[in-house]
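**Q** Can you read through this structure? Questions will come right after.
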Amino acid sequence: MYRVVVAGSGIALPERVVTNTELSQKVDTSDDWITERTGIRQRHVAAEGEYTSDLAARAGTAALEDAGLTPDDIDLIIVATATPDLTFPATAAIVQQKMGVRQGAAFDLQAVCTGFVYALSTAEKFLACGQHRNALVIGAETFSRILDWEDRRTCVLFGDGAGAFVLQAQTAEEAGDRGVLASHLRCDGRMVDLLYVDGGPSTTGTAGHLRMEGNKVFREAVGRISAAMVETMKEANLPFSDVDWFVPHQANQRIIGGVVKKLDLNIDKVVSTIAHHGNTSAASIPLAFHAARQDGRIKKDDLVLIEGMGGGLTWGAALFRF
Ligand code: ACO
């Protein structure tokens, strides 16, 4: 078995920024309400003709450069997205084409806001067994395209963007202490109705709009996320006090705060970018991770714990030494 190391990261954000104040001119909301209830101050929104695959390919290319690799080195692409360019082919296939990768496998993975945790855990298995050597794991979304812009309960929450990791299979000697140490994935399909999109190819034949019972999702969040984090740390046989950085899915600052309180984590070790990006679903974890690398917080050899929860409901956590 190989160790699976995070060898690079990269991000892409649409140029256009929409502030809470701008949104409050379109729907009955306010900067105060959004900031107080969620922590969100602004979000990025894709331009016309700017697709999930464009953001994913940009983030992927940046991650490759960061890892010192070229498209010829990549033999697996997994794109976690709930907003694919097309019903098929997979956005990962379009990304492969746009990035100039000409070998290996490519597929999409759909676990909504838990997508990046699911994709990282999936890629880790492909690489650990030696079947693939260098994987691009990309979380990419254009949620602006599936929002009901007249529904103030949902449209204020989400944003567009992409983030990517390069994962590399390394021998124990090459990796040292680095690599993915544990992950824990869950789903409870009984809660499908709490958070879904009311359209799809086999039902309405349309893309549909996001629908969410926000307060019910909120009530489920802290306990389930915390439990997945506890399981992950148990599997790695490490205490929470060893974690250098907690990089949560950025859904709501109050959920993040609830998890920090429940598990008695050090708030100074929590990475939060929700104010700038809003909830970018599968993209939020790599966006936050990369931001904390760029500002010098996350460094090589740091122990990083990630978690997510989203439609399904799905939830999960993963631990890696960067
Ligand atoms: N502006 C002003 N008022 C609003 C807005 C808004 N944007 N949205 C809702 N309200 C109003 C409601 O109408 C309601 O008014 P009423 O009392 O007169 O009926 C009041 O505010 C309270 O509404 P709640 O929904 O109870 O508000 P809550 O405190 O629960 O906050 C929120 C809503 C932010 C959505 C919160 O519930 C939340 O973050 N939920 C979890 C979201 C999440 O984590 N999703 C999972 C990931 S997403 C994914 O997988 C795609």
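**Q** May I ask you to verify whether Glu124 is of a type in the set (Asp, Glu), out of contact with any His (no Cβ under 7 Å at 6 or more places or on another chain), assigned by TED's automatic domain parsing to the domain that holds Thr38 and assigned to a helix (DSSP H, G or I)?
**A** yes
**Q** Among the numbered criteria (1) in a helix (DSSP H, G or I); (2) at positive phi, which one does Arg153 miss?
**A** With respect to (1) in a helix (DSSP H, G or I); (2) at positive phi, Arg153 is out only on (2).
**Q** Taking the conditions exactly as written (under 30 Å from Asn266 (Cβ atoms), within 16 Å of the ligand (Cβ to nearest atom), touching a residue at least 12 places away in the same chain (Cβ under 8 Å) and in a strand (DSSP E or B)), does Leu185 satisfy them or not?
**A** Working: under 30 Å from Asn266 (Cβ atoms): yes; within 16 Å of the ligand (Cβ to nearest atom): yes; touching a residue at least 12 places away in the same chain (Cβ under 8 Å): yes; in a strand (DSSP E or B): yes.
Yes; evaluated as a whole, the condition is true for this residue.
**Q** Now, a different point. If we keep just the residues of the stretch 79-105 that are touching a residue at least 40 places away in the same chain (Cβ under 8 Å) and in a loop (DSSP other than H, G, I, E, B), which is surrounded by the most Cβ atoms within 10 Å (Cβ to Cβ)?
**A** Thr81
**Q** Kindly indicate whether Gly223 is within 16 Å of the ligand (Cβ to nearest atom) and either assigned to a loop (DSSP other than H, G, I, E, B) or not β-branched (Val, Ile, Thr) (or both).
**A** On the way: within 16 Å of the ligand (Cβ to nearest atom): yes; either assigned to a loop (DSSP other than H, G, I, E, B) or not β-branched (Val, Ile, Thr) (or both): yes.
Yes.
**Q** Turning to a different aspect of this structure: Does Ala128 qualify as being more than 14 Å from the ligand (Cβ to nearest atom), closer than 19 Å to Thr87 by Cα, surrounded by fewer than 23 Cβ atoms within 10 Å (Cβ to Cβ) and in contact (Cβ under 8 Å) with a residue 24 or more places away in the chain? Lay out the reasoning, then the answer.
**A** Numbers: more than 14 Å from the ligand (Cβ to nearest atom): yes; closer than 19 Å to Thr87 by Cα: no; surrounded by fewer than 23 Cβ atoms within 10 Å (Cβ to Cβ): yes; in contact (Cβ under 8 Å) with a residue 24 or more places away in the chain: yes.
It is false that Ala128 is more than 14 Å from the ligand (Cβ to nearest atom), closer than 19 Å to Thr87 by Cα, surrounded by fewer than 23 Cβ atoms within 10 Å (Cβ to Cβ) and in contact (Cβ under 8 Å) with a residue 24 or more places away in the chain.
**Q** With the condition kept exactly as written, say whether any residue in the stretch 61-78 is surrounded by fewer than 17 Cβ atoms within 10 Å (Cβ to Cβ), part of a helix (DSSP H, G or I), acidic (Asp, Glu) and within 16 Å of the ligand (Cβ to nearest atom). Full working, then the answer.
**A** First pass over the stretch 61-78, keeping only residues surrounded by fewer than 17 Cβ atoms within 10 Å (Cβ to Cβ): 65, 68, 70-72.
Subset that is part of a helix (DSSP H, G or I): 65, 71-72.
Narrowing the set further to residues that are acidic (Asp, Glu) leaves 65, 72.
With within 16 Å of the ligand (Cβ to nearest atom) added as a condition, the list becomes none.
The answer is no; no qualifying residue exists.
**Q** Is it the case that some residue within the stretch 185-197 is surrounded by 16 or more Cβ atoms within 10 Å (Cβ to Cβ), over 21 Å from Val304 (Cα atoms) and aromatic (Phe, Trp, Tyr)? Explain how you work it out, then say what you get.
**A** As a first pass, look at the stretch 185-197 and keep what is surrounded by 16 or more Cβ atoms within 10 Å (Cβ to Cβ): 185-187, 191, 194-197.
Adding the requirement that they be over 21 Å from Val304 (Cα atoms) leaves 187, 191, 194-197.
Next cut, aromatic (Phe, Trp, Tyr) only: 196.
There is at least one residue in the stretch 185-197 that is surrounded by 16 or more Cβ atoms within 10 Å (Cβ to Cβ), over 21 Å from Val304 (Cα atoms) and aromatic (Phe, Trp, Tyr).
**Q** Output the number of residues of the stretch 215-239 satisfying the condition of being over 21 Å from Val180 (Cβ atoms) and in contact with a strand residue (DSSP E or B) (Cβ under 8 Å, 6 or more places away or on another chain).
**A** 4
**Q** Any residue that is among the hydroxyl-bearing types (Ser, Thr, Tyr) and loosely packed, with under 14 Cβ neighbours inside 10 Å - is there at least one of those in the stretch 149-162? Steps first, please.
**A** Filtering the stretch 149-162 down to residues among the hydroxyl-bearing types (Ser, Thr, Tyr) leaves 154.
When the remaining residues are screened for being loosely packed, with under 14 Cβ neighbours inside 10 Å, the result is none.
No: the stretch 149-162 contains no residue that is among the hydroxyl-bearing types (Ser, Thr, Tyr) and loosely packed, with under 14 Cβ neighbours inside 10 Å.
**Q** Something else about it: Whether any residue in the stretch 242-260 is part of a helix (DSSP H, G or I), basic (Lys, Arg) and either out of contact with any Lys or Arg (no Cβ under 9 Å at 6 or more places or on another chain) or without any contact (Cβ under 8 Å) to a residue 40 or more places away in the chain (or both) is what I want to check.
**A** Step one: filter the stretch 242-260 for residues part of a helix (DSSP H, G or I), giving 242, 253-260.
Next cut, basic (Lys, Arg) only: 254.
The next check asks that each one be either out of contact with any Lys or Arg (no Cβ under 9 Å at 6 or more places or on another chain) or without any contact (Cβ under 8 Å) to a residue 40 or more places away in the chain (or both); those that pass are none.
No: the stretch 242-260 contains no residue that is part of a helix (DSSP H, G or I), basic (Lys, Arg) and either out of contact with any Lys or Arg (no Cβ under 9 Å at 6 or more places or on another chain) or without any contact (Cβ under 8 Å) to a residue 40 or more places away in the chain (or both).
The values are calculated or read from the model by the stated rules, or taken from the named source; none is laboratory data. Since this is a predicted model, take the numbers as computed values, not measurements. Glycine also receives a Cβ, built like all others from the backbone with ideal geometry; neighbour counts cover every protein chain displayed.
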